[in-house]
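Encoded as structure tokens, the structure appears first; notes follow it.
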Amino acid sequence: MPTRYPDIMPHRDNGVLAERRLERLMACLPEDEAALAGGAAQVEDWPALLRSALDHGLEDYLFRRLIRVGARLPEALVASFRQVQARKAAWTLQLAAQLDRILDALTAADIPAVALKGPLLGERLYGADGFRSSSDLDVLVPYAGVRPALAALAPLGYRADETTLARALSGDHNVALDSASPPLELHFHLFRRFGVTLRSDEFLARAAPYQTRSGRVVRILTPEDEFLFLCVHAAAHSFARLAWLFDLKLLLAKHPALDWDLFLQRARDWRVTTSVAFACALLRQRLGADTPLLSRLTARQRQWLSVNERLFDQAMRRYNQPRDSFSDKLGFFVASNLYQSSLHDQWRSRARFLGLTALRALQGRSLAPGEA
Amino acid sequence: MTTFRPHPSVVSTEVEDTIVLLHLDTKRYFTLNSTGAAIWKHLSQGKAEDDIVSALTEEYDADASRLAASARRLLEQLEKAALIERA
């Protein structure tokens, strides 16, 4: 069944077959190179695979590993990959250098900060096996520290006008600062979606020191918090990039002793169990990575997980079909929003989401960030 | 004896057997092949040009005068692109 990812990558062409192939190859990694070599022998359309890997942010990691296992790649494709790889390396250098400057500025202003995702996650999870795809930087600061942080970051060119800032603070989890390059998303909550707000204070207080390859000491989320954040983030973006699931797989490989009881407790406390459980279910389905979380769910939660899966598949099926007529568009709208609502933990929150979605559709507007 | 060092605004990363250099001020990037990468590594360790050539002669089975000429060419290019400066 075609299950192409929906929602945020409308520019993609229809690459369902290549996407399935990509999933099968990524399911072999990071550990099973023999299976990867076997899978590579079955690839017929290498350019389509490279395009799909690019779309999903995994081209560097995958093609390095393919070359390492001796996959017979067309020369022209390798040349094309090398160009992409050099550009990505340069962009990652730029991201890393700017992240250093940002963290230095925040430290100098005595503002606690944690780097989320980005090149630092790439360094920790991908290591020398590739560059992680990031289009911007994400840094978490306390809610009360946003204005001081903006003042500290102004010399780097990051600015937000008062209207944008006020709107972000009242309804979003971050303020997007694109007045300098690379763009920065300054998070004042870890995330806000599925009817809940993951407030920053607790995550910042638990953050752990990490020494980067360049010797700098920065603060990062604890493994349990990072897994939770990456699950919720991927779910909020409808798992549109396979790299987001692969991050989770690599995080599991790096932290085999993750405290699952603690993790589940935190997911319950924050009321994000459904989205987290669904991320784990997709992690198993698409990348063959099992987590103990699924076996810890109650019978009712497992039943609901199957509802999530059915709604997701419905939304995907409709997404992959042409949507020329009004009824096709309406069908996709209903299916995708039912799926989104099913990721909320509480009925009241699901109903509110659906009600607001319908209201905003009638008003010809999309949901504001805080309404999702 | 000429000694060069990376320009303070230049960052680099290894990409398998190559090195990608990025000049943070101009945002221009450059890829060095494996020989260029070896030269860059020696240069970053503070070696003078003659010492770089000596080290390359030990690492590569190639004529010393050819290696010296290659190193000179690359250093000129790097200096012209402001990726290195004289120490």
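Are there any trypsin sites (Lys or Arg not before Pro) in the range B:1-58 that are in a DSSP loop and have at most 16 other Cβ atoms within 10 Å? List them by number.
Values: sites: B:27, B:28, B:41, B:47; in loops: B:27, B:28, B:47.
Here the trypsin sites (Lys or Arg not before Pro) that fit, given the DSSP loop and packing criteria, are B:27, B:28.
The residues packed around residue A:262, meaning those with a beta-carbon under 14 Å from its beta-carbon, carry a net charge of -3 if Lys and Arg are +1 and Asp and Glu are -1. Look at where the Cα atoms of the range A:258-277 and of the range A:67-102 average out, and the two centres are 35 Å apart. Note on chain B: with neighbouring protein chains present and a 1.4 Å probe, carbon and sulfur make up 45 percent of its accessible heavy-atom surface.
Once neighbouring chains are kept in place and the probe is 1.4 Å, which whole percent of the accessible area of chain A is contributed by carbon and sulfur? Before the final figure, lay out the partial values.
Working: 8530 of 16100 Å².
Ligands and nucleic acids excluded, carbon and sulfur reach 53 percent.
Between chain A and chain B, roughly 1100 Å² of accessible surface gets buried, counting both sides and using a 1.4 Å probe. Each residue of the range A:44-49 was assigned a 3J(HN,Hα) from its phi angle through the Karplus curve 6.51 cos²θ - 1.76 cosθ + 1.60 (θ = phi - 60°); the sequence is 9, 10, 5, x, 5, 5 Hz, with glycine and proline shown as x. From the residues B:36, B:46, B:84, which one has its Cα farthest along the dipole of chain B in the positive direction, the dipole being from +1 and -1 charges on Cβ of Lys/Arg and Asp/Glu about the Cα centre? Result: B:84, furthest along the dipole toward the positive end.
Per residue, the protein assembly as shown exposes 46 Å² of solvent-accessible protein surface, assessed with a 1.4 angstrom probe and all protein chains in place. Residue by residue, the range A:283-291 carries 3J(HN,Hα) couplings of 4, 6, 5, 9, 10, x, 9, 8, 10 Hz when phi is fed to the Karplus relation 6.51 cos²θ - 1.76 cosθ + 1.60 (θ = phi - 60°); x denotes Gly or Pro. Of the GluC sites (Glu not before Pro) found in the range B:42-87, no site is in coil according to DSSP while having at most 10 other Cβ atoms within 10 Å of its Cβ. Straight-line reach from residue B:80: taking Cα to Cα under 20 Å and skipping same-chain neighbours fewer than 8 places apart, the aspartates and glutamates in range are B:25, B:49, B:50.
How much length, in nm to one decimal, is gained on full extension between residue A:265 and residue A:87, taken as 0.36 nm per residue of separation minus their Cα-Cα distance? Numbers along the way, then the final one.
On the way: separation 178, 0.36 × 178 = 64.08 nm, distance 4.17 nm.
Length gained, residue A:265 through residue A:87: 59.9 nm.
Counting only lysines at least 8 places from residue A:88 when in the same chain, those with an alpha carbon closer than 17 Å to its own are A:117, B:27.
Which one, A:61, A:158, A:210, has the greatest fluctuation when you compute a Gaussian network model over chain A with C-alpha springs under 10 angstrom? Highest fluctuation among the options: A:210. Remark on the range A:76-109: accessible area falls by at least 40 square angstrom from chain-alone to full-complex state for A:86, A:90, A:93, A:94, probe 1.4 angstrom. Cβ under 10 Å from residue A:281's Cβ, residue A:281 left aside: what net charge do those residues give with Lys, Arg +1 and Asp, Glu -1? Charge balance in the 10 Å sphere: +2. A full extension of the chain between residue A:180 and residue A:161 corresponds to an added length of 5.5 nm, given 0.36 nm per residue minus the alpha carbon distance.
The trypsin sites (Lys or Arg not before Pro) of the range A:301-360 include none that meets both conditions, a loop assignment by DSSP and at most 10 other Cβ atoms within 10 Å of the site Cβ. If I model the range A:187-310 as equal point scatterers sitting on the Cα atoms and use the Debye formula, what is log10 I(q)/I(0) at q = 0.11, 0.12, 0.15, 0.20 Å⁻¹? Listed by q, the Debye log ratios stand at -0.37, -0.44, -0.69, -1.22. Go through the range B:22-57 and flag every residue whose accessible area shrinks by 10 Å² or more with all protein chains in place compared to the isolated chain (probe 1.4 Å). The answer is B:22, B:24, B:27, B:29, B:31 - residues whose exposure falls by at least 10 Å² when every protein chain is included.
By the rule of a C-alpha distance below 18 Å, with chain neighbours fewer than 8 residues away ignored, no lysines are paired with residue B:47. Compared with the rule-of-thumb size 2.2 N^0.38 Å for a compact globular protein, the range A:227-372 has a Cα radius of gyration ratio of 1.09. Mind grabbing the base-10 log of I(q)/I(0) for the protein assembly as shown at q = 0.06 Å⁻¹? Debye formula, identical points on the C-alpha positions, no solvent, two decimal places. Debye intensities relative to I(0), on a log10 scale: -0.30. Within the shell defined by Cβ-Cβ distances under 13 Å, the residues around residue A:294 carry a net charge of +1, with Lys and Arg each +1 and Asp and Glu each -1.
The values are calculated or read from the model by the stated rules, or taken from the named source; none is laboratory data. Predicted model only: the values in this text are computed from it and were never measured. Neighbour counts run over all protein chains shown; Cβ positions are idealised from the backbone, glycine included. Accessible surface areas use protein heavy atoms only, side chains included; no ligands, DNA or RNA. Shrake-Rupley method; radii C 1.70, N 1.55, O 1.52, S 1.80 Å.
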